[in-house]
Amino acid sequence: MNTQVLIDAVVQQTMVFIAQLATAGGVRAPLAKVAGQVFLDLTSELQNQGVKKKVIADMFGMALRTYHRRTRELKESQTDVGRTLWDAALSFLRERRSSSALEIQRRFRHDDAEILRGILSDLVNSGLVFRSGRGDSAIYRLVDDAELAANAGQAGVDHMVWLAAYQNGPTTLAALSEASKVGGERCEAALKRLVLDGRVIRVPNTEPALYECKAFDVPFGAEQGWEAAVLDHFRALVTAVGMKLALGRSNAEARDTVGGSTFSFDVVAGQALEQEALGILARHRAELEALRRRVDLYNAQMPRQQAYRRVVHYLGQYVRDDDDRDPMEGND
């Protein structure tokens, strides 16, 4: 298998996907952290897979010393050693409530000024910080909880934390914050709301507190929670492919319980087969919803201590005319 060709194609498609997410609905989501975060997450996952740091450095075409320096720069502020510059800057604003650009520059004088400006811009664009004025005289103010709830979409944040509890529970608040990518205070507030309305439960007699839930659902047609639904679908696809690769098999068999298939139908417009092909998604949704209702009804009658297997099924569909551009093609 030519893995390098596959990796190049997957990276290209992933970048197109991220760009579409960043511009969905006319927004311009901040991307200043993405490149560094990709490097850190990828190297961390390679280490989880048992790959040694020297080998990882070689995979990136780096000397080991360069690799260590790169990871240290991305992870730590040079002013506040042991903390990322992002977290250190946000904590500084949280303590001061507001501060001028010049004061922030002096506070983090040992860090790269361009990186610091990029992080401040990213914090503003993400809605966590408000900026007034320009240049050194600009004033940065931490957005309070009420403003944050109004600007950031409280329901969307709740769904991301809910999904993390469903996929990772029982787990701690800190682990939920990491898994959902929702900051500590916002994650804690979302978790309180989820526990209050019963979507997430606190496991009794645990310290530190553990949280879990047995169901996650974004109802068909719901306008809220689409972010978590997209992540859930994307993760299901990636996990299925990853598990298939881990099994060491590249072929499919009729008895498979792990894997996926893609089918394309070139149908003549206006013919009966066109309607049959267009209706595949609706038919599968109805069948799977009916199955889930039967499973939920059966499980409700079973003792809680029963052992369960989670079967994750994903499906999707899109339609493209001959003269349409593929929605996942990059720009030339």
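The values are calculated or read from the model by the stated rules, or taken from the named source; none is laboratory data. These figures come from a predicted structure and were not determined experimentally. Glycine also receives a Cβ, built like all others from the backbone with ideal geometry; neighbour counts cover every protein chain displayed.
Kindly check whether there is at least one residue in the range 259-269 that is surrounded by 14 or more Cβ atoms within 10 Å (Cβ to Cβ) and either in contact with a strand residue (DSSP E or B) (Cβ under 9 Å, 6 or more places away or on another chain) or within 27 Å of residue 7 (Cβ to Cβ) (or both). There is at least one residue in the range 259-269 that is surrounded by 14 or more Cβ atoms within 10 Å (Cβ to Cβ) and either in contact with a strand residue (DSSP E or B) (Cβ under 9 Å, 6 or more places away or on another chain) or within 27 Å of residue 7 (Cβ to Cβ) (or both).
Looking across the range 46-86, just one residue is over 26 Å from residue 118 (Cα atoms) and of a type in the set (Asp, Glu), and that is 58. For the range 92-108, which positions are in contact with an Asp or Glu (Cβ under 9 Å, 6 or more places away or on another chain) and either under 12 Å from residue 120 (Cα atoms) or of a type outside the set (Lys, Arg) (or both)? Result: 92, 100, 101, 102, 105, 108. Of the listed requirements (1) surrounded by 10 or more Cβ atoms within 10 Å (Cβ to Cβ); (2) not in a loop (DSSP other than H, G, I, E, B), residue 297 misses just one: (1). Residues in the range 100-122 include at least one that is of a type outside the set (Gly, Ala, Ser) and touching a Pro at 6+ places or on another chain (Cβ under 8 Å).
How many residues, within the range 200-212, are part of a loop (DSSP other than H, G, I, E, B), buried (at least 16 other Cβ atoms within 10 Å of the Cβ) and either hydroxyl-bearing (Ser, Thr, Tyr) or at pLDDT below 90 (or both)?
Just the residues of the range 200-212 that are part of a loop (DSSP other than H, G, I, E, B), to begin with: 200, 203-210.
If we keep only those that are buried (at least 16 other Cβ atoms within 10 Å of the Cβ) too, we end up with 200, 210.
Among the residues that remain, those that are also either hydroxyl-bearing (Ser, Thr, Tyr) or at pLDDT below 90 (or both) are: none.
Residues that pass the stated criteria total 0.
At pLDDT below 80 and more than 30 Å from residue 16 (Cα to Cα), is that true of residue 197? Can you show your working first?
On the way: at pLDDT below 80: no; more than 30 Å from residue 16 (Cα to Cα): yes.
Spelling it out, it is not the case that residue 197 is at pLDDT below 80 and more than 30 Å from residue 16 (Cα to Cα).
Scoring residue 194 on the criteria (1) over 16 Å from the mean Cα position of the chain (by Cα); (2) buried (at least 16 other Cβ atoms within 10 Å of the Cβ); (3) closer than 27 Å to residue 281 by Cβ leaves a single failure, condition (3).
Condition check ((1) among the hydrophobic types (A, V, I, L, M, F, W, C); (2) in contact (Cβ under 8 Å) with a residue 12 or more places away in the chain) across all residues:
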site	(1), (2)
56	yes, yes
79	no, yes
87	no, no
95	no, no
106	no, no
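Can you tell me how many residues in the range 277-332 are in contact with an Asp or Glu (Cβ under 8 Å, 6 or more places away or on another chain) and at pLDDT 90 or above? Please lay out each step first, then the result.
Just the residues of the range 277-332 that are in contact with an Asp or Glu (Cβ under 8 Å, 6 or more places away or on another chain), to begin with: 320.
Those still in the list that are at pLDDT 90 or above too: none.
Of the residues in the range 277-332, 0 are in contact with an Asp or Glu (Cβ under 8 Å, 6 or more places away or on another chain) and at pLDDT 90 or above.
Considering the range 115-185, the qualifying helices (runs of 4 or more DSSP H), each wholly inside and each with 2 or more residues that are modelled with pLDDT under 85 and within 19 Å of residue 93 (Cβ to Cβ), run over 145-152. For the range 231-251, the count of residues that are outside any helix (DSSP H, G or I) and of a type in the set (Gly, Ala, Ser) is nonzero. Only a single criterion out of (1) aliphatic (A, V, I, L, M); (2) surrounded by 14 or more Cβ atoms within 10 Å (Cβ to Cβ); (3) not assigned by TED's automatic domain parsing to the domain that holds residue 121 is not satisfied by residue 24, namely (2). Summed over the range 30-69, the residues that are in a helix (DSSP H, G or I) and either under 21 Å from the mean Cα position of the chain (by Cα) or closer than 20 Å to residue 89 by Cβ (or both) give a count of 15. Residue-level check: of (1) part of a loop (DSSP other than H, G, I, E, B); (2) more than 24 Å from residue 45 (Cβ to Cβ); (3) under 24 Å from the mean Cα position of the chain (by Cα); (4) aliphatic (A, V, I, L, M), residue 258 misses just (2).
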